[in-house]
Amino acid sequence: MRFDVVTLFPDMVIAAAGCGVTGRAIERNIVSLSAWNPRDYTLDRHRTVDDRPYGGGPGMVMKYQPLHDAVQAAKQAGVKAAKVVYMSPQGKPITQALLSETCELEQLILVAGRYEGIDERFVEQDCDEEWSIGDYVISGGELAALVVIDAVTRLLPGVLGDEDSAQQDSHSDGLLDCPHFTRPEQIAACSVPQVLLGGNHAEIERWRMKQALGRTWQKRPDLLKKKNLSAEQENLLREFIVELV
Ligand code: 9D3
């Protein structure tokens, strides 16, 4: 899969994506990432990418033409059927389901804005969709584009190890994770749950599912409402709640 990010801060995107899971996926040619700077597509001596808003008011607006030409360059380098997504606070909030569909694309062009926003005609004429990463304010679209790149890349075949990718489509989908422990066995008065120290893997799986259900019930009841629990899971959750008292 090919990612292209249109951004005034190409170094930020390339550096961050070069770390960890995404960095390894790039090295291994499972994904490619290119950044396109609208400033490189300006036509004036001052390389102007922004201008004052019609109607007045605070802040600046990104100009149409440098953005348009940067996206065209990214399309030229890739495929005709590229999807263009503007990362924006007005966008559709991304979900795991949306990101799973995105894995099927050959090329995704992510446009990261800065300043107060971008010329609306670019959103209308040049973008297929508008995505948000949630209802809070960040300073520009770069971190949002990186969130999308990271979340999509880890879903691609061959990116994660067998164990991690098995975990992804497991039965605990839509639940919070169970607690994790490693050595030492004792820290102050806190010891590792006994069940994890024995080798009974069926019991361990049962305990982990119970913890996942219990923690989701405690911390994210909204997630639990969306799920259809099996009879076994209903029992485990009831046990968890009873044991709280
Ligand atoms: C404080 C300025 N806001 C006035 C109502 C408008 C505004 C403009 C530009 C708010 C944020 C931004 C920059 N944000 C993004 O580019 C962005 C974003 C976000 O802020 N939150 C969630 N998802 C995204 S995706 C891109």
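The values are calculated or read from the model by the stated rules, or taken from the named source; none is laboratory data. Because the structure is a prediction, the values reported are computed rather than measured. Methodologically, a virtual Cβ is constructed for each residue, glycine included, from the backbone with ideal geometry; neighbour enumeration extends over all protein chains shown. Each accessible area value is taken on the protein alone, full model and side chains, heavy atoms only, with ligands, DNA and RNA left out. Shrake-Rupley method; radii C 1.70, N 1.55, O 1.52, S 1.80 Å.
Observations on the structure shown:
- The separation of segment 168-190 from segment 1-71, counted between C-alpha centres, amounts to 39 Å.
- Relative contact order, percent, segment 162-214 [alpha-carbon distance under 8 Å, six or more residues apart]: 48
- The Cα-based radius of gyration and maximum Cα-Cα distance (Dmax) for segment 50-103 are 15.2, 41 Å.
- Under 5 Å, built H, 5+ apart or other chain: amide partners of Ile118: Met62
- Basic side chains Lys and Arg get +1 at the Cβ, acidic Asp and Glu get -1 at the Cβ, and with that the dipole of segment 36-87 about its Cα centre reaches some 140 debye.
- Here is the size of the chain from its Cα atoms: Rg then Dmax, 23.0, 72 Å.
- Where segment 1-157 is the region considered: accessible area per residue in Å², 1.4 Å probe: 54
- Stokes-Einstein D for segment 168-244, Kirkwood Rh over Cα pairs, 37 °C, 0.692 mPa s (µm²/s): 244
- Top positive-direction residue, dipole computed over the chain with Cβ charges, set Leu223, Pro193, Trp131: Pro193
- Principal-axis analysis of the Cα atoms of the chain puts helix 64-77 at an angle of about 70° to the longest axis.
- With at most 13 neighbouring Cβ atoms within 10 Å, loop trypsin sites (Lys or Arg not before Pro) (DSSP) excluded, longest segment of the chain: 81-225
- Loop-located chymotrypsin sites (Phe, Trp or Tyr not before Pro) across segment 52-119 with a Cβ neighbour count of 10 or fewer within 10 Å are Tyr54, with loop assigned by DSSP.
- Relative to one another, the C-alpha centroids of segment 199-245 and segment 77-137 are positioned 36 Å apart.
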